[in-house]
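Comments concern the structure below.
The values are calculated or read from the model by the stated rules, or taken from the named source; none is laboratory data. This one's a predicted model, so the numbers in the text were calculated from it and none came from an experiment. For neighbour counting, all protein chains shown are included, and Cβ atoms are generated from backbone atoms with ideal geometry for every residue, glycine included. The area values use the complete protein model at the heavy-atom level, side chains included, leaving out ligands, DNA and RNA. Shrake-Rupley method; radii C 1.70, N 1.55, O 1.52, S 1.80 Å.
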Amino acid sequence: MTFKELQNKIKKEKPLIHAITNPISINQCANTAISLGAMPIMAEHPNEVEEITRTARALLINLGNITEVRMQSIKLSSKVAVKENIPIIIDAVGVACSTLRYNFLSEILKDISPTLIKGNYSEIYALDNTSYRSNGVNAESDLCIEKVGKSSVNLAKKYHCLILATGETDIITDGKRMFYIHNGHPRLSSITGTGCMLGMLCSVFLSAHTDVQAVCMAAAMMGICGEQASSQQGSGSFMTGFMDNLSLLTDTDFENAVRMEEMTIEKV
């Protein structure tokens, strides 16, 4: 499926995306879905999440700013999504620095096989290397692409899912194929919530097409919009420009700017 075909399908079908996410970036995530033509719902009360998940086209689970209530709701919604064959996207925020989050995600993964596990280099590496820990939720700079690539492949095979490891070069794999996305801009890390917004981008795209290419296009779109929004102005203007590009990016813009490289697993 091409980027244009994916865009058109989303705008035509207006998929409902159920996101159980953190309050720090909830507004940006909702607006990300809307900018693509999807409909977000950010329900997290345990008494309603099962009902809402049944009507959704994708379930986004974000472990940022985790709470007991959100943990309970994640378990309930995950079971429904598995039963109804709804794509599950897990954003493994903070698993490299929080034992609570690491153990909780490990428990969840015993019962479900998600469509996608997303995280920065440190988070993906930590899921494959139990002794590894980072400081805070940002990726450690000493992790090289080769190490994270191997961990990504290991996790994809272990959990039978797609893996997205975000960094200066994004790594996407299904365990058989691997792609590097070279789009992006340093300013994306200068404002809070862009990683969570990418999780929503992936959720919207996977609601329309559950394939590794959908994740590649989501990551590339994120990077391209960041590149186009970069300027000498401040962070507020950058965020505004970034959101404008999310809603205005054309398939021609995408095709002209995308920098994607397919790798063979043997080279990882």
Condition first: surrounded by fewer than 21 Cβ atoms within 10 Å (Cβ to Cβ) and at pLDDT 95 or above. Can you find one or more residues in region 131-140 that meet it?
no
Only one of (1) open to solvent by 30 Å² or more (accessible area, probe 1.4 Å); (2) assigned to a helix (DSSP H, G or I) fails for GLY241. Which number is that?
(1)
With respect to the numbered conditions (1) at pLDDT 95 or above; (2) assigned to a loop (DSSP other than H, G, I, E, B); (3) farther than 26 Å from LEU248 by Cα, which one is the sole condition not fulfilled by ASN65?
(1)
For region 244-260, enumerate the residues that are open to solvent by 50 Å² or more (accessible area, probe 1.4 Å) and out of contact with any His (no Cβ under 7 Å at 6 or more places or on another chain).
ASP244, SER247, LEU248, THR250, THR252, ASP253, GLU255, ASN256, MET260
Just name the residue that is nearest to HIS209 (Cα to Cα) out of those in region 18-43 that are open to solvent by less than 10 Å² (accessible area, probe 1.4 Å), touching a Cys at 6+ places or on another chain (Cβ under 9 Å) and not in a helix (DSSP H, G or I).
ALA19
If we scan region 44-52, do we find a residue that is over 16 Å from SER73 (Cα atoms) and surrounded by fewer than 17 Cβ atoms within 10 Å (Cβ to Cβ)?
no
Residue list for region 112-123, restricted to those being more than 24 Å from CYS144 (Cα to Cα) and touching a Ser or Thr at 6+ places or on another chain (Cβ under 7 Å)
ILE112, THR115
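Mind listing whichever residues of region 84-107 are among the β-branched types (Val, Ile, Thr), open to solvent by less than 30 Å² (accessible area, probe 1.4 Å) and without any contact (Cβ under 8 Å) to a residue 40 or more places away in the chain? Spell out the reasoning first.
Start the filter on region 84-107 by keeping residues that are among the β-branched types (Val, Ile, Thr), which leaves 86, 88-90, 93, 95, 99.
From what's left, open to solvent by less than 30 Å² (accessible area, probe 1.4 Å): 86, 88-90, 93, 95.
Matches in region 84-107: ILE86, ILE88, ILE90, VAL95.
Anything in region 1-17 that is part of a strand (DSSP E or B) and surrounded by fewer than 18 Cβ atoms within 10 Å (Cβ to Cβ)? List them, or say none.
Just the residues of region 1-17 that are part of a strand (DSSP E or B), to begin with: 16-17.
Scanning region 1-17 gives a single hit, LEU16.
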Single condition GLN228 does not satisfy, out of (1) open to solvent by 40 Å² or more (accessible area, probe 1.4 Å); (2) in a helix (DSSP H, G or I); (3) in contact with a His (Cβ under 8 Å, 6 or more places away or on another chain)
(3)
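Quick check: is even one residue across region 187-207 of a type in the set (D, E, K, R), in contact with a Leu (Cβ under 9 Å, 6 or more places away or on another chain) and open to solvent by 10 Å² or more (accessible area, probe 1.4 Å)?
Of the residues in region 187-207, the ones of a type in the set (D, E, K, R) are 187.
Those still in the list that are in contact with a Leu (Cβ under 9 Å, 6 or more places away or on another chain) too: none.
No: zero hits.
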